[in-house]
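Novice: One structure, pasted below without further comment.
No lab work stands behind these numbers, since they all come straight from the coordinates. Bear in mind the structure is a predicted one, so any value in this text is a computation, not a measurement. Cβ placement follows ideal geometry from the backbone for every residue including glycine, while neighbour counts extend to all protein chains displayed.
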Amino acid sequence: MSKRRITKIALLKLLSLFSVIRGWNILVITLAQYLASIFILAPDTHSLKEVLLDVKLFMIVTSGALAIAGGYIINNFYDAEKDIINKPLKYKIDRLMRQNTQLIVYFILNLLSVIAASYVSFKAVIFFSLYIFWLWFYSHRLKKIPLVGNIVSATLSIIPFFAVFVYYGNYQHVIFVHAVFLFLLILLRDFVKDLENLTGDLLNDYKTLPVQLGEKWSKYIITFTVLLTLIPGYLLISRYNIGKMEYYFYFASVFLVLFIVLVWKAKGKKGYLILHNILKFIIITGVFSILLVDTSLVINRIL
């Protein structure tokens, strides 16, 4: 076999691995944790350099990223049959790497996650070990339970932020309200994904809300969740000093109201995919809007 062909196969395998672990998602989560640490969670006495060079923080973020990557692999393993229907292109890319190989990588990532946590403390080892277990248990059992699966999925998505939050011991009320807003956004995305994947879920006996209740009632639940999401958004604007980040919440609120209209107009996989992408856009925009909490702090942290 020529070197060129070997290189091509190796690149395809890397592409497959990046797809399986949803590399872009992990990069966004990592960036969000560092931005939150720099501009919200870390005490004012910590400079940008101190936060970025904090080895324990790095290990916490790395441990979380490795655990999440492993979680995506095991989730992909259990969802293989429905992904043939719901995500045929992604399924083909993912299958460039054998399932046995994926499982080996899964165990390696989890081991590395625990090793990284051990640098921080024994409590961190317990924390991330339990996190890894719940990621597996969600994919293995809870995912197919209506509503419970959605709530657990959203909860697992924000736990890495909770780890950083505990590390800095910053227990301000505003941070909890931020967390509720993010949780509800992720929960909304999960509800929409169930509508998007309805065909594959139905054929593979996944008892999601759309399968159990139908599309109409799922849209009622999504509408109610959007209204709930507007509450922490309003509180953050009206009761807390969040600097120019308030413009993000104005923007998000307008988009969420528009989102309700689009939910009731959406039909079929393509329509729900558009809704899914709108929520992803709101979440990713929120990550970068952390810089607006205190624009003067951006300069101070750098200096």
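Novice: Taking the Cβ of Lys280 as the centre, find all other residues whose Cβ is under 11 Å away and add up their charges (Lys, Arg: +1; Asp, Glu: -1).
Specialist: For residues surrounding Lys280, the net value is +2.
Novice: Is there a quick way to get the dipole size of the chain? I mean about its Cα centre, with the Cβ of Lys and Arg at +1 and of Asp and Glu at -1; what is the value in debye to the nearest 20?
Specialist: So the magnitude is around 1140 debye.
Novice: Which whole-Hz couplings ³J(HN,Hα) result when phi for each residue of segment 247-261 is put into the Karplus expression 6.51 cos²θ - 1.76 cosθ + 1.60, θ = phi - 60°, listed in order with x for Gly and Pro?
Specialist: With coefficients 6.51, -1.76 and 1.60, one gets 5, 5, 6, 4, 4, 5, 5, 4, 5, 5, 5, 4, 4, 4, 4 Hz.
Novice: Let me ask something else about it. Using +1 on the beta carbon of Lys and Arg, -1 on that of Asp and Glu, and nothing else charged, what's the dipole of segment 14-170 about the Cα centre, debye to 20?
Specialist: 500 debye
Novice: To the nearest 500 deg cm²/dmol, what mean residue ellipticity at 222 nm is calculated for the chain from DSSP H runs of n ≥ 4 alone, each contributing -39,500 (n - 2.57), summed and divided by the residues?
Specialist: -26500 deg cm²/dmol
Novice: Same structure, new question: Once you have a ≥ b ≥ c as the square roots of the Cα gyration tensor eigenvalues for the chain, tell me rounded if a/c is under 1.5, and otherwise prolate or oblate according to whether a/b is larger than b/c.
Specialist: Judged from the Cα gyration tensor, the chain comes out oblate (a/c at least 1.5, b/c at or above a/b).
Novice: Using +1 on the beta carbon of Lys and Arg, -1 on that of Asp and Glu, and nothing else charged, what's the dipole of segment 172-303 about the Cα centre, debye to 20?
Specialist: Here the size comes out at about 240 debye.
Novice: Tell me whether segment 122-255 comes out rounded, prolate or oblate; compute the Cα gyration tensor, take square roots of the eigenvalues as a ≥ b ≥ c, and use a/c under 1.5 as the rounded threshold.
Specialist: Oblate shape, in that a/c is at least 1.5 and b/c is the bigger or equal ratio.
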